[in-house]
Amino acid sequence: MNAADKRVSYANSSSLQKKVLLKTRPFLEDTMKEMLSKVLPATCCIKVADLGCASGPNTFFPTYEIMNTITRICQQAHWESPELQVFLNDLPHNDFNTVFRSVPAFDGRCFIAGVAGSVHERLFPSNSIHFIHSSYCLHWLSKVPKGVVENNNENVYISKLSPPNVSDAYSKQFGNDFSKFLRFRSEEMMGGGRMVLTLIGRSITDPTCKDNCCIWELLTKSLLDLVEKGLIHKSDVDSFYIPLYYPCEEEVREIVEKEGSFVLDKIKKFEVNWDFEDDDCNGNFIRKSGQNVADSIRAITEAMLVIHFGEAIIDNLFIRYAQHVSEHLLREKTKYVNIVLIMTMK
């Protein structure tokens, strides 16, 4: 994610993620209540991990919600509130300096620690975590899938024109990554621990459906514009792939059941517009929506684009991308499909 010193930072371009957190807040509260009913008042310290915390105004949102839930339950039952240990996790190059400069003043019973590392690896000691939360992290893959060959019909992700081996490779990589995630978390969590996980998915089983592919097809189109202008080579576009995957509900359910460490208590789906402001479909607002979406995508992809294409093309690329998104939204208001998984450790 782009750090705070970037022109388009994640901290200033994560309002979509905030909207998703607000929509999943009832699931977070209800799951915490159920878990706390099993461990309080005997437990003196509740240990929580937020995976993929990023940096910016959303980082401490889950912590506040968990603290408020604990406080309400303890006040109603006339129990003393336990201490809360919160582990904020993200990749080592996350802007942890900004995170810790912005740690809010809690009441002395909440302790914050940073844990740098990939969710696809072990992060915590065995049998140490009560509750895990993650939002908009797990659709990112550990790497570009093996078997994705160059010349994916000029696309940086799956598309209607992709050979079948492309979507198969992405699906297999997601299956491997998510299975490892579940296995590692099962080693770290206490029996009966809970997880609430939110990721972008798709509405149907077809991996080439528009809510899986469209936003990345527009990025491909923007890159090809730069090829036509002679600013980048087509071979560079042909060899670039976005390392993420939007699964369908059936895929996720099958992986959880096959891995076997967790009971899938609930699976929920909801949609949000690409543009967090949900503006009406008229010309002026759509141009603003195109820019909002472009800034959101730039904040999460700029680093990988710079590594592959160089920094000089980034501003030009996202000017074109905002235009293409605006044109698309004039035709239809496309949405992200969000999947929420609520699970209990066996």
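The values are calculated or read from the model by the stated rules, or taken from the named source; none is laboratory data. The structure presented is a predicted model; accordingly, all values stated were derived computationally and were not measured. Reconstructed Cβ throughout: ideal geometry from the backbone, glycine too, with neighbour counts over all protein chains shown.
Here Arg72, Arg101 are screened, and the one residue that is closer than 19 Å to Thr24 by Cβ and without any contact (Cβ under 8 Å) to a residue 40 or more places away in the chain is Arg72. Might you check whether a residue that is surrounded by 19 or more Cβ atoms within 10 Å (Cβ to Cβ), small (Gly, Ala, Ser) and either touching a strand residue (DSSP E or B) at 6+ places or on another chain (Cβ under 8 Å) or part of a helix (DSSP H, G or I) (or both) occurs anywhere in the stretch 320-331? Checked the stretch 320-331: at least one residue is surrounded by 19 or more Cβ atoms within 10 Å (Cβ to Cβ), small (Gly, Ala, Ser) and either touching a strand residue (DSSP E or B) at 6+ places or on another chain (Cβ under 8 Å) or part of a helix (DSSP H, G or I) (or both). Filter the stretch 160-192 down to residues that are among the hydroxyl-bearing types (Ser, Thr, Tyr) and modelled with pLDDT of 95 or more and give me whichever is farthest from the chain's Cα centre (by Cα). Of everything passing the filter in the stretch 160-192, Ser186 is farthest from the chain's Cα centre (by Cα). Residues that are at pLDDT below 95 and surrounded by 21 or more Cβ atoms within 10 Å (Cβ to Cβ) within the stretch 193-212 comprise Pro207, Asn212, listed in sequence order.
Determine which member of the set Leu16, Leu28 is within 18 Å of the chain's Cα centre (by Cα) and modelled with pLDDT of 95 or more.
Leu28
With respect to (1) assigned to a helix (DSSP H, G or I); (2) closer than 27 Å to Ser128 by Cβ, the lone exception for Lys18 is condition (2). Going through (1) touching a helix residue (DSSP H, G or I) at 6+ places or on another chain (Cβ under 6 Å); (2) not in a helix (DSSP H, G or I) one by one, Ala54 falls short only on (1). Among residues of the stretch 95-113 being under 25 Å from Val39 (Cα atoms) and touching an Asp or Glu at 6+ places or on another chain (Cβ under 8 Å), the one that is surrounded by the most Cβ atoms within 10 Å (Cβ to Cβ) is Cys110. All conditions in (1) crowded, with 21+ Cβ neighbours inside 10 Å; (2) acidic (Asp, Glu); (3) under 28 Å from Met343 (Cβ atoms) hold for Asp275, with the sole exception of (3). Of all residues in the stretch 238-254, those that are touching a helix residue (DSSP H, G or I) at 6+ places or on another chain (Cβ under 9 Å), assigned to a helix (DSSP H, G or I) and touching a residue at least 12 places away in the same chain (Cβ under 8 Å) total 2.
Looking at this structure, is Leu40 farther than 30 Å from Ile297 by Cα and surrounded by 18 or more Cβ atoms within 10 Å (Cβ to Cβ)?
It is true that Leu40 is farther than 30 Å from Ile297 by Cα and surrounded by 18 or more Cβ atoms within 10 Å (Cβ to Cβ).
Within the stretch 59-94, restricting attention to residues that are buried (at least 17 other Cβ atoms within 10 Å of the Cβ), hydroxyl-bearing (Ser, Thr, Tyr) and in a helix (DSSP H, G or I), the residue that is nearest to the chain's Cα centre (by Cα) is Thr63.
If the condition is being farther than 26 Å from Val166 by Cβ and of a type in the set (Lys, Arg), then the stretch 224-276 contributes Lys229, Lys266, Lys268. Would you be able to say whether some residue in the stretch 268-283 is touching a residue at least 12 places away in the same chain (Cβ under 8 Å), β-branched (Val, Ile, Thr) and in contact with a strand residue (DSSP E or B) (Cβ under 6 Å, 6 or more places away or on another chain)? Yes: the stretch 268-283 contains one or more residues that are touching a residue at least 12 places away in the same chain (Cβ under 8 Å), β-branched (Val, Ile, Thr) and in contact with a strand residue (DSSP E or B) (Cβ under 6 Å, 6 or more places away or on another chain).
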